[in-house]
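Please read the structure below before turning to the comments.
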Amino acid sequence: MKSFLSVATLGRGDLEALMDNAVHFRSISEARQPNTTDLAGRTVANIFYEPSTRTRLSFELAARRLGANVLTLDPEVSSMRKGESIRDTALTVSAIGADILVVRHSREGVPEQVAEWTSKPVVNAGDGSNEHPTQALLDAVTIRDRFGRTDGLLMAIVGDVSHSRVANSLVHMMPRLGVDLMLAGPEDWLPTDSPVPCLDSIDEALGDVDILYLLRVQSERGAKAGEDYVSRFGVGPERASRLKEDAVIMHPGPINRGVEISPEVADSTRSLILNQVANGVPSRMAVLQALAVVT
Ligand code: CP
């Protein structure tokens, strides 16, 4: 694996190897053992052109736990403010000494372009509405933790699907792990050419799903959620009570409390939201280590 840009090209064996390695790294961290030395002497650079809490911080911690040096470029105080291009920024960060670049951008395809310009391994930390492959990986780890398997589970991905890079990565990845998928949301927010079933209501599916995966309504990409959205797709205690006893609720974060999910449901025992966050660090360790092996 030269770069980690998409999950579309990864087979089940590749995915499960990364998931197994994530669990391995998690057990090392839980035992409070010292950092590994897999990336000793290497430098990981985080270049985030869009805001992030979970992804950026967990890549930083993942790199440190692997023994790497970490550079984090803040666009607000970098020469990007003086008009430096993405290409020149990537070449400059590489020349300073970065061995692996972690890139987030609002435009689809930017991480792939950086991988072509620099020849360094690149991790896609989210590109526009295209993909967020490490989010899908940590979600798969979280699901397998809870159910002990992925095969035969039914997942409904609900909400602002059309803007969601997370949904795209999940649609590529989950069927490969044996998870059956459906999408639900307002018609305008659903793809017209989906390979999986699309519903304009979640109510008929609530009693069947094992995983209710709620998406953030992405106001920064023009989506607006009014009262109609909350009443049709928002998940509060009443809808949650219609789920199967062992069904879980997931969300990539950040959550809009009171929009796609109520505070009670977000903080309930069904919610795996913080488990997802916690699995971000070991999952990203697994990805960085896989890339370090080939550099
Ligand atoms: N899930 C996710 O990508 O969150 P951040 O934007 O906080 O990184």
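Among the listed residues Leu61, Leu73, identify the single one that is within 16 Å of the ligand (Cβ to nearest atom), open to solvent by less than 60 Å² (accessible area, probe 1.4 Å) and not polar (S, T, N, Q).
Working: Leu61 fails: open to solvent by less than 60 Å² (accessible area, probe 1.4 Å).
Result: Leu73 is the single residue among Leu61, Leu73 that is within 16 Å of the ligand (Cβ to nearest atom), open to solvent by less than 60 Å² (accessible area, probe 1.4 Å) and not polar (S, T, N, Q).
So, in region 183-198, how many residues would count as being touching a Pro at 6+ places or on another chain (Cβ under 9 Å) and open to solvent by 30 Å² or more (accessible area, probe 1.4 Å)?
2
Could you list, in sequence order, the residues of region 84-95 that are open to solvent by less than 60 Å² (accessible area, probe 1.4 Å) and in a loop (DSSP other than H, G, I, E, B)?
Selection gives Ser85 alone.
Could you grab me the full set of residues in region 105-122 that are touching a strand residue (DSSP E or B) at 6+ places or on another chain (Cβ under 7 Å) and surrounded by 16 or more Cβ atoms within 10 Å (Cβ to Cβ)?
His105, Val110, Pro111, Val114, Ala115, Thr118, Lys120, Pro121, Val122
Which condition number in (1) surrounded by 23 or more Cβ atoms within 10 Å (Cβ to Cβ); (2) of a type outside the set (Phe, Trp, Tyr); (3) at pLDDT below 95 is the one that Ala205 fails?
It is condition (1) that Ala205 fails.
What residue, of Gln289, Gln276, is in contact with a Leu (Cβ under 8 Å, 6 or more places away or on another chain), outside any loop (DSSP other than H, G, I, E, B) and farther than 22 Å from Gly128 by Cα?
Values: Gln276 fails: farther than 22 Å from Gly128 by Cα.
It is Gln289.
Among the residues of region 207-219, write down those that are farther than 15 Å from Glu260 by Cα and free of Cβ contacts under 8 Å to residues at least 60 places away in the same chain.
Once the filter is applied, which keeps residues that are farther than 15 Å from Glu260 by Cα and free of Cβ contacts under 8 Å to residues at least 60 places away in the same chain, region 207-219 yields Gly207, Asp208, Val209.
With Ser78, Ser129, Ser106 as the choices, which residue is small (Gly, Ala, Ser), out of contact with any His (no Cβ under 9 Å at 6 or more places or on another chain) and within 16 Å of the ligand (Cβ to nearest atom)?
The match here is Ser106.
So, in region 31-58, how many residues would count as being open to solvent by 20 Å² or more (accessible area, probe 1.4 Å), within 12 Å of the ligand (Cβ to nearest atom) and of a type outside the set (Ser, Thr, Tyr)?
Number satisfying all stated conditions: 5.
Can you tell me which residue among Ser241, Ser262 is open to solvent by 10 Å² or more (accessible area, probe 1.4 Å), over 21 Å from the mean Cα position of the chain (by Cα), closer than 24 Å to Leu138 by Cα and not β-branched (Val, Ile, Thr)?
Values: Ser241 fails: closer than 24 Å to Leu138 by Cα.
Of Ser241, Ser262, the one residue that is open to solvent by 10 Å² or more (accessible area, probe 1.4 Å), over 21 Å from the mean Cα position of the chain (by Cα), closer than 24 Å to Leu138 by Cα and not β-branched (Val, Ile, Thr) is Ser262.
Looking at Ala98, is it in contact (Cβ under 8 Å) with a residue 24 or more places away in the chain and either in a loop (DSSP other than H, G, I, E, B) or surrounded by fewer than 22 Cβ atoms within 10 Å (Cβ to Cβ) (or both)?
Numbers: in contact (Cβ under 8 Å) with a residue 24 or more places away in the chain: yes; either in a loop (DSSP other than H, G, I, E, B) or surrounded by fewer than 22 Cβ atoms within 10 Å (Cβ to Cβ) (or both): yes.
So Ala98 passes the test.
The values are calculated or read from the model by the stated rules, or taken from the named source; none is laboratory data. None of these values were measured; they are calculated from a predicted model. A quick note on method: Cβ atoms are made from the backbone with ideal geometry, for glycine too, and the neighbour counts reach across all protein chains shown. The accessibility values were calculated without ligands, DNA or RNA, using every heavy atom of the protein model including side chains. Shrake-Rupley method; radii C 1.70, N 1.55, O 1.52, S 1.80 Å.
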